[in-house]
Amino acid sequence: MSAAAPLEVLQRVWGYESFRGEQADIVQTVIDGGDALVLMPTGGGKSLCYQLPALIREGTAVVVSPLIALMQDQVDALEQLGVRAAFLNSSLDLDQRRFIEQQLVAGELDLLYIAPERLQQVAPLFDRTKLSLFAIDEAHCVAQWGHDFRPEYLQLDELGRRWPEVPRIALTATATVDTRREIVERLGLGNARQFVSSFDRPNIQYRIAPGSQARQALLKVIRDEHDGEAGIVYCLSRKSVEQTSAWLNEQGVEALPYHAGLSGDQRRRNQQRFLREEGIVVVATIAFGMGIDKPDVRFVAHLNLPKSVEGYYQETGRGGRDGLPSTAWLAYGLQDVVQQRRMIDQGEGSPVRKRAQSQHLDAMLALCETVECRRVQLLRYFGQESTACGNCDTCLEPPPTFDATVAVQKLLSTIVRLGRDYNQTFGAGHHIDVLLGRRTERIESRGHDQLSTFGIGRDVSEPTWRSIVRQLLASGILAVQGEYGVLAVTDAARPVLRGETELRLRQDLQTQKSARVSKHK
Ligand code: ADP
Ligand code: ZN
């Protein structure tokens, strides 16, 4: 083992003065041969956490990453620092692959990036190679009902079993408490030290605007607040990327499209211009941005509802990496919600998978509808408590609310009563049917029309009930349990049930008719 001190290597190889956040601890853990699970927001400096130990420990570090498109860039960047790095993925031909495999076995590499689907093929070589560590990047991809599941990740637990003496470090920028648990379980990281950085990005101002005139509103944001500055605009489809980018150009905003339908060459050119020139706006599908390291992106706009809070957080996180004030602006309309529900309903995948997708969408909608500080809610989603930030739209301009105490009491009593009907699982839709006094087959067969709460919620519309449920889920008064999406009342509901507090919720502004909580009940 080399005697070099981590800090000395950091300064000599990278030219950085000091470690950031928990980097020093993480790096030391791995250098000492321990496993680590690292949760750090995008831009936090995850790469260094395995790259630096790779230089200090003897042997080659194997880095598993699903981001094939970025491997070339990462390897180039390392080579510029004088680090011996290579990658193996589907973009190489047989000769290139052989060459790198020879280098690996000969101990001529400090780091080898590898796509998860290549692992089976290359693993036999590991027995003949001195390995310094395994790094598993984007570790949340192992979470089966997460937003980014990759089946090949499930095989990664083999690394720990076959080469138990090689330390492993798993990294992700996005993990709820559940996902974290799943990573530990599936990758066999029970003994790993966990490093959870704060997910707060205080310089990002979160704003979410309902409404139909999204493009016009976006233009106003750009002109009033970000004239001539770099930004990213996310759209759901290739077509809307093209249209929005053309429209922005007509309005005098220099915009470039980016989506998977463009040629690789065109994509590279647009990306390069975005990185090198000033004040370019990229209009993109979510294909854009993975690993883009541009510090001065001043705004990230969404013209559609993201599919999950994780996605929203990751995409907005591409703004303001330099720590200067930036805007995360989202506009969404009724048709977004309808369209996404339809995509889930008609999409492929098991009922369980659909229910997971539906819950992701509900969590996103809940964030949109909150009357609380957006940041408080966003961070709570990732298991972190915080106080109102003063730098989001709900803090700056409190939204209109209504007194929902009585309605919520009705809902909670219904949930409590149905909860006694054990052996049965009821989702939000069924509870709302009871409140609205609907004689569905399920209600009649279970005798739920005999409940004292049957029909007592007719004074509130179905969309409002849906919105109430989402808001209660978001604030933690309700929870969804298990894979069947059973609604349950939490301890936080007690004061409301006892009538000790008044509860104000956001008036549902735009989600009329649309927003079913979950069809997959
Ligand atoms: P992540 O993978 O967490 O999104 P990166 O590893 O790409 O983040 O790092 C983000 C940026 O921060 C990069 O430009 C990187 O060079 C820089 N960086 C990382 N660690 C340090 C440090 N200790 N000092 C200065 N800059 C750093
Ligand atoms: Zn706030």
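For the stretch 232-321, just say rounded, prolate or oblate: build the C-alpha gyration tensor, square-root its eigenvalues into a ≥ b ≥ c, call rounded for a/c under 1.5, and beyond that prolate if a/b exceeds b/c, oblate if not.
Rounded.
Summing Lys, Arg as +1 and Asp, Glu as -1, what charge do residues with Cβ under 14 Å from the Cβ of A214 carry, A214 excluded?
Charge balance near A214 sits at +2.
Can you give me the orientation-averaged projected area of the convex hull built on the Cα atoms of the chain, in nm²?
About 25.5 nm², averaged over all directions.
Residues of the stretch 121-145 with amide nitrogen under 14 Å from the 7 Å Cα-to-Cβ point of A77?
Only 138 fall inside the zone, counting backbone N under 14 Å.
Quick check on the exposure proxy: order V64, V371 from fewest to most C-beta atoms within 10 angstrom.
So the ranking, lowest neighbour count to highest, is V371, V64.
Could you work out how far the C-alpha centroid of the stretch 1-50 sits from that of the stretch 74-139, in angstrom?
When both Cα centres are located, 20 Å separates them.
Rounded, prolate or oblate: which fits the stretch 377-423, taking a ≥ b ≥ c as square roots of the Cα gyration tensor eigenvalues, rounded meaning a/c under 1.5, else prolate when a/b beats b/c?
Oblate.
Would you please name the GluC sites (Glu not before Pro) within the stretch 360-446 that are DSSP coil residues with at most 14 other C-beta atoms within 10 Å of their C-beta?
E385
Taking neighbour Cβ counts within 10 Å as the exposure measure, how do V496, V30 sort from fewest upward?
In increasing order of surrounding Cβ atoms, one gets V496, V30.
Between L275 and V352, what is 0.36 nm times their sequence separation minus the Cα-Cα distance? Round to one decimal in nm.
23.7 nm
Within the chain, how many Lys pairs that are eight or more residues apart, or on different chains, come under 22 Å at the alpha-carbon?
13
Which FRET efficiency, nearest 0.05, do S91 and E8 yield, Cβ-Cβ r, R0 35 Å?
0.50
Can you tell me the FRET efficiency between Q251 and K130 if r is taken as the Cβ-Cβ distance and R0 is 45 Å, rounded to the nearest 0.05? Before the final figure, lay out the partial values.
Working: r = 58 Å, r/R0 = 1.29.
Efficiency at R0 = 45 Å is approximately 0.20.
What are the extents of the Cα atoms of the stretch 53-120 along their three principal axes, in Å, largest first?
In descending order, the Cα extents are 29, 23, 19 Å.
List the residues, sorted by chain then number, that are 5 or more residues from F87 or on another chain and whose placed amide H is less than 5 Å from its amide H.
Long-range HN contacts for F87: Y113.
Mind listing the long-range amide H neighbours of L503? Cut-off is under 5 Å, sequence gap 5 or more, other chains count too, H placed in the peptide plane at 1.01 Å from N.
A404, T405
With contacts defined as alpha carbon pairs under 8 Å and 6 or more residues apart, what's the relative contact order of the stretch 294-421 in percent?
20 percent
Does the stretch 26-88 come out rounded, prolate or oblate by the C-alpha gyration tensor, with a ≥ b ≥ c the root eigenvalues, rounded set by a/c under 1.5 and, if not, prolate when a/b is larger than b/c and oblate if not?
Values: a/c = 1.76, a/b = 1.24, b/c = 1.42.
Oblate, since a/c reaches 1.5 and b/c is not below a/b.
FYI, it's all coordinate maths here, none of it is from the lab. These numbers were taken from a predicted model, which means no experiment stands behind them. Glycine also receives a Cβ, built like all others from the backbone with ideal geometry; neighbour counts cover every protein chain displayed.
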